[in-house]
Structures are given as structure tokens and as C-alpha cells.
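Input: a single structure, listed below in C-alpha cells.
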Amino acid sequence: MHFLAPSYLNFLWLAAIPLVLWLYRRRAKRVTVSTLLFFRTLAREHNESAWLRRLKKWLSLAMTLLVIILAALALARPTREASGDTPGGVVVMMDVSASMAATDGRQSRLDVARKLARERVRELPDNVVVSLLAYDARPSVLLSRSRNRRELVRLMDQLQVVPMEGDAESAWVAARRLAALDQPGQVWHFGDERLSTADKVAGYRFADVALPKVTNVGLTGFQLRKAPLARDRYEGFVRVSASTSNEAPVAATLEARIGGRIAQLRELDLKPGESTALILPLEGVHGEMLELEVKCVGDCLGLDNAVIAPLPELQPLLVAWLAEKPDPFTDLALASLVEAGRLEIWKGDPKAWPLKDKPDVYVFENWVPPTWPEDRPAIALMPAQSVGPLKVRPLEGGAVPLDTVRSVAAEHPVLYRVNTTRLSLTQTVSLDASSSLETLWMAGTEPVLAAGEFNGQRVVTTAFSPSRSEQLALMPAYPLLLGNALYWCAENSDALSDLKPQRTGDFMPVKGSMEWQTWDGRSFIRQVDEPAGALHELKHVGAWQTSDGHAGACVLASMTETNVKKVADEVTVGGAPALTAQGHLGRGWSWAQILLWSVVAVLLLESFLFHRKAVY
């Protein structure tokens, strides 16, 4: 055991004062009085022997000295940690990501971490250098190499949970470099998940503040898009996930509201770690607010329970259609999308290549350029030759009828709502799906539809002729397929940029103020942010609108944060030693507290003995 503030041990010299007074106390004097009757009465009431009177005097001195000694020791702050293990510098690494808002009904994980950090910092000697580093999506050094404990505690008390996905690895790199400036340095990590890459580092200490029991369900995916072949209708893609730490399956309710009215209501049953994806048909007009909220009894984390986004006004996609021999059914499918206000078509033939103006998507039919375009996504319908990601060869006999089609990746966005029942095709080319393309449809052993990415741009290709395929013209499969392919390819285009929500932690250029309708974990509230510079970090879950008229949505949508951790079992978990209040005993009792309560107990005992037993 050693003392964190040994200078207070100098108060032990105060014990010499009562000792000197006791040794040099005044002796009794003989005084002549008129009668001894009164004094004889007192002698009968306090008929004590000489040794008992002497013992009382020694006891009074001992209690007086004990009060002074215990008080001085308490001020010196004793601790059990060996003095040889005292660090030269300590970096307090505090997790403030979304999962630290998880609560047990009384306090959040950040509140628990702050409390433990305050207790632990008090146990440090005054000469130890301390730093404070908080991290969410990126680390932030709030206090660097200071001995001011009050400033450290003040900054910790100001910390708030930010609805972002935490990046502990980058924070560990910064904290380790900061700790290396004062050797021997230590990093005290306060969070809900141990950093595995730092477990074997000597200076790493971890304080696990996770919940002992977890129940959580959250929204881990969200995307909004215009419904193909429909006016004023949208489709919302939602993924709802349950934490792997849940002890049992949970029942959740997903509620979708547009303009304050309920548009969709779904009941979900989720096992621990299970996710489910939903497509919600939505009907509304530009500017109305879509609110999604998932509810679950006993949910411990509210930040991942809701999404709010404005229904955007879409610009038509610019599609350049270059065909050697245009298929009439392709023309009909594109025309239906044009009439619905979804597309603007530029028609041309191979002689127009290369185009001066750039569209959002290229559509090549029965022809492909000699050099595959790398500046825009493209759809190749019945490509005539191999180029870029396409590897094709003509079929012997020109065409092969196919009675059945099998979906290989039915969940792919290109195949959304496309029914292959009773669908028959006529294959015109043999398609070799390379490593950059994923087969979506198979007919026998031959792929007839594939999609993927090439040089950062999305690609969709087909190997069948619409006009020569039986029943394809009589079904909505081909227009839906072509519409899905166009929207999937152009997902990152400027025309669809308003549909794509941003993630918390992203930066965006902003001029003027931003008005937010944010989700605080319980309800939607309004607030205004004043960006300090040209780039503004998105720190809220909700819908935003800038003073110059731009609007959008920001979501958390993180499985990492929704997967709220449960407190680790120290018996089975190895790695860095657990960080606890080392000067504490039992249930939070420190040596200083025990000594102070001992002082109070001795004072009460001395008062009782003085008044009841005449000990003085």
C-alpha cells in the first residue's frame, strides 16, 4: 500500500500537541474550604480506584491521537496498488458511440463509465500526467498531458453519446501514441467491448461497462426509391435486426407513418442475431415526412429505433439508348417509364458513339462499343461481342428456346417483384459470367442474366431476345426488370442522390444553417445547427434541411451498434486486466472512506464516554 498524496502525512505532527498537553497537565492543588460534606457526596458517586482513573486518562489520550492519525491518513489517500506499478502517464479513452446510450432503466453505459473513470482517476498520484480521448467514428483529444484533475473530470462530465458507429481501432492508435510520451504510460479504455488488438499490450487496461442483460432491436438498413411504373408511389427498403446478446426471441412492431398517418404496420419475431428485410409500399407526395419506428418491450437502446426522411422530388434519369437493331419490346418498356416521368431517353445508333453529353446510364442493345465505358454504368442487352466485363459468343443456329428460368439470386434488387413463373425465353448468345458479374437467372446450365461491377461502375447484361421470347411481351416481367436494372445502375447518380440517405459521421458541404428534425431515442425533436466551416459533420439521426433549400436524411443503420454487447465473463475472457477502482474494497469502499468513517466513529465514542463515563 502507498499514499497518493503523501504530503498530508505531515499533519501527523499535530498528534504531538495533545501528547504534550497530556504530559504537562496541571497537578491538583490543596485548597482550604469550610466544609467537605459536598465533596464527600461526589466521592461516594464516583468511587473509583486509582488504576481505573489512570486507565480513563490513557484512553482519552489514545482516542484523541487516533482521531488525528486517522484523519491524516485519510487525506493522504492510501491505495493498495504497489508504488512500482504507478504509471508516468494515463490516457483515458472513452467510448461515446451509439451503443453507450444503452440503459438499464436508470443510467446509460456512458454514465457508468464516467463514474468509474472519476473514481479511478482520484486514485492516481498527483504527479501522474493524464489525458482524455473520446471517440465515436473518429477520435478526439479533449485534454492532452495535464495534471489538472478537475479539468479532466469537468470534460468527462460534458461528454455525450453521439449516434455514430464507433471506431475503437483508430482511437487506440492515437491513445497509444499519446501514452508513449510519458513512460511508463497506460491507456484506460472505458467502453462496452474489449479491444482485441490491444489485449496483449502491457499498458492497456479495460473497464467493461456493458449491460449484464440485453434486449435490443434496431433498424440496420434503410433505402428509399421510386416505385417503377407507378406515379407518386415509393418503396422503402428496411432491415430490422436483433442483438446477438438477446437472451430469447423477441416480438417487435415496425410502424411506418407518412405525414403523421400510419401507412404500414408489421409484426416481427426475431431470434438473437437474426435480421429481416422488408419492402414497404408507400404512397405520398414530395415533401411529406416518412417516419419509421421499431418498438420492442424492454428495448435498451433507443437511438437505433427510428428513421425519418422526406419524400423527395425526383429528376428523371437520363438514359442513352444505342442499338444496332432496336427491339420493339425494349422500346415499349422504356416508353412506359418515360410516360410515368421516370426517364428521359436519348435514342441513337452506334454512329453517335462516343456521346458528347453524358447520361446517367448507357443502354446498349445488339451492339457494344469497342472500348467499354468507365465513366457511367451500362446495361448490355444481347451484346454482339466480348468487351470489358462481357464474355459472349453467338449460339449455333442463332437462337435456343428456353421453357423455364430459374432465379439464382432472387433477393437481388434487379429482380425485385419480377416473377419468373410461366416465363419462357429465347436465348440468342452464350454468356460467360466472369468474376466481376453475378448470375441472376439460369436457363438449364446457361446464365441468361447477370449483374455486377466493373471498374467502379455497375453492369447488367442479358442473353435473350424479348421479341422472340414467348409470353414475355404479355407479362410485366420485362418492363419491371429493365426499370429495376436502370435504377440499380444509377443508384449513385445525381438524379437519385436525394433518395440516398447519409450516414451519421459523414461530412457534407453546407452554406448557412441546418434545420433538423432529429430522433433523440424517445421522440422526434427540432433543432438548428450552425456549421462552423464549409464542411459539416452529420451528428444526428433524422431529416435535415439547409437554408438554401437542400434536404435529406441521416441514419445510423449500424449492425455494430445495434448488436449491444453483454458484460463479458472475466473467468472465460482473457487479455488485458480488468480496470476497476483499485483503492476500493468490497462494494465500492475505498481506504480513504473507511478511515474517514473511522474518525467519525471514534469521535462519537469519545463523546459518549465523556458524557456517560466521565472519560477526560
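The values are calculated or read from the model by the stated rules, or taken from the named source; none is laboratory data. Remember, it's a predicted structure, so these values are computed and weren't measured experimentally. Neighbour counts are summed over all protein chains in view; Cβ atoms, including those assigned to glycine, are modelled from backbone coordinates with ideal geometry.
Scanning the stretch 133-170 for residues that are in contact with a helix residue (DSSP H, G or I) (Cβ under 9 Å, 6 or more places away or on another chain), outside any loop (DSSP other than H, G, I, E, B) and of a type in the set (K, R) yields R145, R149. Checking A210, A242, A251, A263 one by one, the residue that is more than 22 Å from the chain's Cα centre (by Cα) and surrounded by 14 or more Cβ atoms within 10 Å (Cβ to Cβ) is A263 and no other.
Residues in the stretch 379-427 that are at negative phi and among the basic types (K, R): K391, R393, R406.
Listed by position, the strands (runs of 3 or more DSSP E) contained in the stretch 217-273 that have at least 3 residues being among the polar types (S, T, N, Q) and modelled with pLDDT under 90 form an empty set. The sole residue among T421, T445 that is β-branched (V, I, T), under 26 Å from R393 (Cβ atoms) and either in the same structural domain as P163 (by TED's automatic domain parsing) or free of Cβ contacts under 8 Å to residues at least 24 places away in the same chain (or both) is T445. Against the test of being within 41 Å of the chain's Cα centre (by Cα), at pLDDT 90 or above and crowded, with 23+ Cβ neighbours inside 10 Å, the options V319, V297 yield a single qualifying residue, V319. Every listed requirement among (1) of a type in the set (V, I, T); (2) closer than 17 Å to A134 by Cβ; (3) not in a helix (DSSP H, G or I) is met by V173 save one, (3). Scanning the stretch 508-524 for residues that are within 23 Å of the chain's Cα centre (by Cα), surrounded by fewer than 12 Cβ atoms within 10 Å (Cβ to Cβ) and without any contact (Cβ under 8 Å) to a residue 60 or more places away in the chain yields a single hit, S523. Taken over the stretch 296-323, the criterion of being closer than 19 Å to V285 by Cα and either in contact with a Cys (Cβ under 6 Å, 6 or more places away or on another chain) or assigned to a loop (DSSP other than H, G, I, E, B) (or both) is satisfied by L311, P312, E313, L314, Q315, P316. Taking the criterion of being of a type outside the set (A, V, I, L, M, F, W, C), part of a loop (DSSP other than H, G, I, E, B) and in contact (Cβ under 8 Å) with a residue 12 or more places away in the chain, the residues of the stretch 324-356 that qualify are E324, K325, P326, D327, G341, R342, D349, P354.
Given the structure, is S430 surrounded by fewer than 17 Cβ atoms within 10 Å (Cβ to Cβ), out of contact with any helix residue (DSSP H, G or I) (no Cβ under 7 Å at 6 or more places or on another chain), assigned by TED's automatic domain parsing to the domain that holds P479 and under 21 Å from C489 (Cβ atoms)? Answer is no for this residue. Taking the stated definitions as given, is L303 more than 39 Å from the chain's Cα centre (by Cα), crowded, with 18+ Cβ neighbours inside 10 Å and under 30 Å from A263 (Cα atoms)? Taking the combined requirement at face value, the residue does not satisfy it.
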